[in-house]
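A short write-up of the structure that comes next.
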Amino acid sequence: MGYVVLIPLLPAIAFAALAPLPRSVRNRALGVAVAAVATSLALSVAAFLAVTTEAGHGADVAYHASVVFAHAGSAELGFGLLVDPVSAVMLLVVTVVGLGVQVYSLGYMHRDERRGWYFAVLSLFTAAMLTLVLADNFLQLYLAWEIMGLCSYLLIGFWHEQEAPRRASIKAFLTTRVGDAGFAVGLLIMYATTGSFAYDTVLGGLAWAPGAATAVALLFLFGAMGKSAQFPLHVWLPDAMAGPTPASALIHAATMVAAGVYLVARALPIFEASGVALTVTLVVGSVTALLGGLLAAVQHDIKKVLAYSTISQLGYMFMALGVGGFAAGMFHLVTHAFFKSLLFLGAGVIIHAAHTQDMREMGGLARHLPVTTGTFTIGALALAGIAPLSGFFSKDEILTVLLHEHQYVAFGVAIAAAFVTALYVARLWFRVFTGPVQSEGLREGHAEMLAPMVVLAAITVALGFASPAFGEFVAHHGEWPAPLMALTSTGVAVGGLLLGWFIFGRRSRVLNTRVIKQRTGPLYDVLVQKYYLDLTYDYFIVQPYARLASGLWRFDAGVIDGVVNGAGALWRQVARLGALVDARAIDGVVNGVGTAVRSAGDRVRRIQVGRVQVYQGLMAGALLLLMTWVIVKGA
Amino acid sequence: MLLSAIVFLPLIGAAVVAMLPASRANGARWLAALVAAADLVLATVLVVRFDVGAGFQFVEMAEWVGQVGIGYHLGADGISVSMVFLSALLTFLAIVASWRIEKRPGAFFALLLLLEVGMNGVFLALDFVLFYVFWELVLVPMYFLIGTWGGPRREYAALKFFLYTLFGSVFMLVGIVALYLHPAGGTFDLLVLAEAGLPASFQWWVFAAFFLGFAVKVPVFPLHTWLPDAHVEAPTAASVLLAGVLLKMGTYGFIRIAMPILPDAFAAWQPALAALAAISIVYGAALAFAQTDLKKLVAYSSVSHMGFAMLGIAAGTAEGIAGSVAVMFSHGVVTGMLFLLVGMVYERTHTRMIADVSGLSARVPVAAGLLAFASFASLGLPGLSGFVGEFLSLLGAWGSTMWPGWVVIAAVGVLLAAAYMLWMVQRVVLGVPSTAVEGIDDLSGRELFALVPLAVLTLVVGVWWDSLLRFVDPAARALAAVVGGG
């Protein structure tokens, strides 16, 4: 299975080949990027099949190879490729969505003058995500994680001539890096505790002390909260929508933001050794699932609705992991990756057609964009959790595992969040697809844009039925949803959709926003202001740091450098005084002291001229004194 | 003879270049470049022929001033090798990058070569007096480079640089003599002194003297204020070598001299070193964030990065020391790139003010791309060289006896580095082109020739850490064993 190395390598080569080319050549070589990820997909399928065969023989790891790339002290840092059920599934997710997005982008970006660079960065991103998925140790995971941060930065700020993408890109990089700093310290503690980063060592059979496990797990969680946009580090993700829409689909919905979930899932044994860390994960996920969903319900920008929805759905995954529901969390990650990228790609067509992202300026698109409407509706219903689409199955698994672990509060939160999800899905759907048409020249997307959407929609329809098989595959345990649970969750989802139809489907929309505002009062403001988090961070962190920095600069120039300059000035004064005394002395004593004094005076006077050699002589004098002192003192 | 050749070939070159008549400016250029290239070839030979596992090699030993036991003693371990290669490479590239200097080119290039003599000598000397001679030798050409070819405040900056460093090195000389006069010392040979077993109380005082000498050079907070002035006024080539190589002499001094000769004092000083390192990291990063001048930003970022080198040293563990050397190497390469690029931008726009330069990527995509590349390397992006040393320093520091709080503060410094670097990239590289950027040309072939090797090195070391660590790690382990860091 040596071909596994090609899976991340091919997109990396595509990046390396495209990046140095001149723009005009690069723009005509997009096929390189598409071909690379397509080949990676084919190889991933092969790897997946190999794992299924192995799994039949009772072995989990189908392929494992590694090389050491760094020796330092007792540290041997390795770069590995590990193909087991989880990574095999993730390989498929990343390459399928990655290929879909690249094909789609051929249509979506075909007029952009820097499309070559865009495809290059998409390739680098894909390579990094595949490297992360295949990692056999946490350091490699971290390295790939950071490279993805770079790609995210580059794609969010792709249209950097405008202010908003520029700001959003730096915000995304720094916010996620706050989490990364925690992750990094977690790695330091892991190494100090276990002497290794390798999964084999730190996950397999190692008895973690609860204290160390808690520290490492919580710091990893902190990193995951940055990358996977969990409350309160989620603030970068909605702004990240300033990037090209297909990039949002790939990075900020389907794959990179899932990296945090993947990290926690991989490190789950450490979380379980801690216990506390599991609870914290559950709380973070619960809070995010509900609060993110509420925010999605008040956004007018279609991409921001989807962004907050992503935050909320990622919260679900953390909830599952927080009760040790490895299979449930991973399955939701997989289904969400497909249906959310489908929704984003559909949103791209909608935005192109309507020439706006504001849903208040949309309406009646169903008649003009049949394919988009059909596929988008499938994605939307999957998000809402309507049976038998994939989102229903994965959400159902999460609810089941929460109940099974007796986490009734979290279960209640999950039900509430499911209701809110269905509500904002209905709000979005009715606003965009029904009502009066508000734009002219509505056109369906290019074939290369629609084809990936159709494929993703088909996966969204079919994937749910793999639910028990998935559980069996990654965790040796899978079953169909229990009828009562299925009825409950579907009932909640239908209820949310109905309420959404009641509010947004029947009456005039503009009026409605105003009415809702009046009825809910300050609560609505809190949501519109995104819980005032951005303002809080700006006021209590960003601005104080900027003030501190310029204050320190004044301190540096005034005090620290002032001491240096002051010492220099003082010395000049001493020298001048010396010269003065010298002159007086020579005046006063006509015949006496003679030439020795005069030469000494000359020497001092020359200091004023600032000649370097003289200073050196002076230093030599000081040196003698000091030397004597040190020797006397030390010996 | 290899090491002597590496050290003194540039001296011969400098003498010949200096003696060329002013009318032969072009000859001076080519000759200087050839000599520097030949020296780089010799340094490469050293790298290739060096046996990574075998301690000091290519040792040359001769009596120099026999009566007092001053010897001519050269030798290279893995740390020396990496530093000498850096010095030879940056000198060559600095000469290439200064090709079009118009003011007295002969003298300029002769001084650059003279500087290389001192730098190479410091990294290869194993006799204390020899070390000191090379150490001081570096001051003179740098003083004239800043003072003659510098910006408007060049005289102030040059004198400040000279006096500040001299202030430090005077204390170092005190330490050297004290070691010699001590009954257990009595030699100037560094390797012999390392075996001397000096009493701890004596070590403490000598360490204090060495600390002043080395810390000024690094520079460690609060002894850093000469650095921004020197950088801002210095011509590009001098900035490159100042940040790229001269600062490393300070950390190299700790590694080669203070730690092995004074291990007990090192243990006593470790908390102070760790604290100053962590403070330098965040302090330099905060000040870099506040700068309006590109060169000052890079200068303060150097204070921050050299803090990581100090952190690894303070750790005293093998990982930490290897990380420290990796920071030194990477900072030399990456900051070299940054100063070259800032100089190239300045030559075209005649301004270094961040507020005046924006939208480079739209007008000069190659220069902008390399500037962004160097910035990401500088902020420690994995896959590029900056991350290697920072990570290993942190790793070594966490595993050491120092207070973990300093390590956490240093980790925050990584975040702050991203803040000032991206804030710069956002304003300078991205956005809509400003008037100063209108109509400027992208990099010439010669400029690319100076930058591309550094970019390649950044990538190679960043991806394959052992390409650098295989030289550094054995020496770091040996040193860690001496200071008890394991």
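Residue-wise test of (1) in contact (Cβ under 8 Å) with a residue 60 or more places away in the chain; (2) surrounded by fewer than 24 Cβ atoms within 10 Å (Cβ to Cβ).
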| site | (1), (2) |
| --- | --- |
| A:Val235 | yes, yes |
| A:Pro238 | yes, no |
| A:Gly243 | yes, no |
| A:His252 | yes, no |
| A:Thr255 | yes, no |
| A:Ala258 | yes, no |
| A:Glu272 | no, yes |
| A:Gly275 | yes, yes |
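Of the residues B:Leu163, B:Leu86, which is in contact (Cβ under 8 Å) with a residue 24 or more places away in the chain and either buried (at least 20 other Cβ atoms within 10 Å of the Cβ) or in contact with an Asp or Glu (Cβ under 8 Å, 6 or more places away or on another chain) (or both)?
Numbers: B:Leu163 fails: in contact (Cβ under 8 Å) with a residue 24 or more places away in the chain.
Testing whether each residue is in contact (Cβ under 8 Å) with a residue 24 or more places away in the chain and either buried (at least 20 other Cβ atoms within 10 Å of the Cβ) or in contact with an Asp or Glu (Cβ under 8 Å, 6 or more places away or on another chain) (or both) leaves just B:Leu86.
Tell me the residue from A:Leu139, A:Leu155, A:Leu143, A:Leu132 that is under 14 Å from the mean Cα position of the chain (by Cα) and farther than 28 Å from A:Met109 by Cβ, please. Steps first, answer last, please.
Details: A:Leu139 fails: under 14 Å from the mean Cα position of the chain (by Cα); A:Leu155 fails: farther than 28 Å from A:Met109 by Cβ; A:Leu132 fails: farther than 28 Å from A:Met109 by Cβ.
So the residue among A:Leu139, A:Leu155, A:Leu143, A:Leu132 that is under 14 Å from the mean Cα position of the chain (by Cα) and farther than 28 Å from A:Met109 by Cβ is A:Leu143.
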Would you please list the contacts, defined by Cβ atoms under 6 Å and residues six or more apart or on different chains, that run from a residue in segment B:429-440 that is within 14 Å of chain A (Cβ to nearest Cβ) to a residue that is part of a loop (DSSP other than H, G, I, E, B) and of a type outside the set (Gly, Ala, Ser)? B:Leu430/A:His160; B:Val432/A:Glu161
Just checking, does segment B:233-251 include any residue being in a helix (DSSP H, G or I), within 14 Å of chain A (Cβ to nearest Cβ) and under 22 Å from B:Gly484 (Cα atoms)? no
Hey, any hits in segment B:197-207 for a residue that's assigned to a loop (DSSP other than H, G, I, E, B), in contact with a helix residue (DSSP H, G or I) (Cβ under 8 Å, 6 or more places away or on another chain) and either crowded, with 19+ Cβ neighbours inside 10 Å or among the acidic types (Asp, Glu) (or both)? yes
When the residues of segment B:356-378 are narrowed to those that are among the small types (Gly, Ala, Ser), more than 8 Å from every other protein chain (Cβ to nearest Cβ) and part of a helix (DSSP H, G or I), which ends up farthest from A:Ala212 (Cα to Cα)? B:Ala367
Qualifying positions in segment A:383-414 - touching a Leu at 6+ places or on another chain (Cβ under 7 Å), touching a residue at least 24 places away in the same chain (Cβ under 8 Å) and more than 15 Å from A:Leu314 (Cα to Cα): A:Leu389, A:Ser390, A:Gln407
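Looking only at segment A:470-497, count every residue that is aliphatic (A, V, I, L, M) and surrounded by fewer than 14 Cβ atoms within 10 Å (Cβ to Cβ) and tell me the total.
Residues that pass the stated criteria total 3.
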When both residues are 6+ apart or on different chains and their Cβ atoms are under 7 Å apart, which pairs have a first residue that lies in segment B:390-401 and is touching a residue at least 60 places away in the same chain (Cβ under 8 Å) and surrounded by 24 or more Cβ atoms within 10 Å (Cβ to Cβ), and a second that is assigned to a helix (DSSP H, G or I) and among the hydroxyl-bearing types (Ser, Thr, Tyr)? B:Ser393/B:Ser324; B:Leu395/A:Tyr191
Among the residues of segment A:177-231, write down those that are at pLDDT 90 or above and at positive phi. A:Ala229
Restricting segment A:185-213 to residues that are surrounded by 23 or more Cβ atoms within 10 Å (Cβ to Cβ) and small (Gly, Ala, Ser), which is nearest to the chain's Cα centre (by Cα)? A:Gly186
Please determine, by comparing only the residues of segment A:156-191 that are more than 9 Å from chain B (Cβ to nearest Cβ) and of a type in the set (Val, Ile, Thr), which one is farthest from B:Gly380 (Cα to Cα). A:Ile156
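Part of a loop (DSSP other than H, G, I, E, B) and buried (at least 21 other Cβ atoms within 10 Å of the Cβ): is that true of B:Leu381 in this structure?
Values: part of a loop (DSSP other than H, G, I, E, B): yes; buried (at least 21 other Cβ atoms within 10 Å of the Cβ): yes.
In short, yes.
Taking the conditions exactly as written (over 32 Å from the mean Cα position of the chain (by Cα) and touching a residue at least 24 places away in the same chain (Cβ under 8 Å)), does A:Ala482 satisfy them or not? Give the derivation first.
Working: over 32 Å from the mean Cα position of the chain (by Cα): yes; touching a residue at least 24 places away in the same chain (Cβ under 8 Å): yes.
Against the criterion (over 32 Å from the mean Cα position of the chain (by Cα) and touching a residue at least 24 places away in the same chain (Cβ under 8 Å)), A:Ala482 qualifies.
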Selected residue (criterion: nearest to the other protein chains (Cβ to nearest Cβ)) from residues of segment B:384-402 that are over 17 Å from B:His331 (Cβ atoms) and in a loop (DSSP other than H, G, I, E, B): B:Gly399
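With the structure loaded, tell me whether B:Gly323 is assigned to a helix (DSSP H, G or I) and within 11 Å of another protein chain (Cβ to nearest Cβ) or whether it fails that test.
Numbers: assigned to a helix (DSSP H, G or I): yes; within 11 Å of another protein chain (Cβ to nearest Cβ): yes.
In short, yes.
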For residues that are within 24 Å of the chain's Cα centre (by Cα) and without any contact (Cβ under 8 Å) to a residue 24 or more places away in the chain, tally how many sit in segment B:1-48. 4
Which members of segment A:320-358 meet the condition of being surrounded by 24 or more Cβ atoms within 10 Å (Cβ to Cβ) and in contact with a Lys or Arg (Cβ under 7 Å, 6 or more places away or on another chain)? A:His332, A:Ala347
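Of the residues B:Ala272, B:Ala290, only one is free of Cβ contacts under 8 Å to residues at least 60 places away in the same chain, surrounded by fewer than 24 Cβ atoms within 10 Å (Cβ to Cβ) and more than 10 Å from chain A (Cβ to nearest Cβ); which? Explain how you work it out, then say what you get.
Values: B:Ala290 fails: more than 10 Å from chain A (Cβ to nearest Cβ).
Of B:Ala272, B:Ala290, the one residue that is free of Cβ contacts under 8 Å to residues at least 60 places away in the same chain, surrounded by fewer than 24 Cβ atoms within 10 Å (Cβ to Cβ) and more than 10 Å from chain A (Cβ to nearest Cβ) is B:Ala272.
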Looking at segment A:1-107, what helices (runs of 4 or more DSSP H) fall wholly within it and have at least 2 residues that are modelled with pLDDT under 90, more than 25 Å from the chain's Cα centre (by Cα) and charged (D, E, K, R)? A:23-27
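Residue by residue, here is whether (1) at pLDDT below 95; (2) under 22 Å from B:Met83 (Cα atoms) holds:
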| site | (1), (2) |
| --- | --- |
| B:Glu319 | yes, yes |
| B:Val334 | no, yes |
| B:Thr349 | yes, no |
| B:Arg352 | yes, no |
| B:Ala374 | no, yes |
Can you spot a residue in segment A:193-205 that is touching a Leu at 6+ places or on another chain (Cβ under 7 Å) and either within 23 Å of B:Glu390 (Cβ to Cβ) or hydrophobic (A, V, I, L, M, F, W, C) (or both)? yes
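Check B:Ser361, B:Ser324, B:Ser330, B:Ser280 and return the single one that is closer than 27 Å to A:Gln543 by Cα and hydroxyl-bearing (Ser, Thr, Tyr). It would help to see each step written out before you state the result.
Working: B:Ser361 fails: closer than 27 Å to A:Gln543 by Cα; B:Ser324 fails: closer than 27 Å to A:Gln543 by Cα; B:Ser330 fails: closer than 27 Å to A:Gln543 by Cα.
After ruling out the rest, the residue left standing is B:Ser280.
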Can you tell me which residue in segment B:173-219 is farthest from B:Asp127 (Cα to Cα), limited to those that are away from chain A (no Cβ under 14 Å) and without any contact (Cβ under 8 Å) to a residue 24 or more places away in the chain? B:Gly197
Among (1) touching a Ser or Thr at 6+ places or on another chain (Cβ under 9 Å); (2) surrounded by fewer than 21 Cβ atoms within 10 Å (Cβ to Cβ); (3) in contact (Cβ under 8 Å) with a residue 60 or more places away in the chain; (4) at the interface with chain A (Cβ under 10 Å from one of its Cβ atoms), the one test that B:Leu468 misses: (2)
List, please: which pairs have Cβ atoms under 6 Å, are six or more places apart or on different chains, and start with a residue in segment B:409-423 that is closer than 15 Å to B:Ala374 by Cβ and end with one that is among the charged types (D, E, K, R)? B:Ala418/A:Arg177
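The values are calculated or read from the model by the stated rules, or taken from the named source; none is laboratory data. Since the structure is predicted, the reported quantities are computational estimates derived from the model, not experimental observations. Note that each Cβ is placed from the backbone with ideal geometry, even for glycine, and that neighbours are counted across all protein chains shown.
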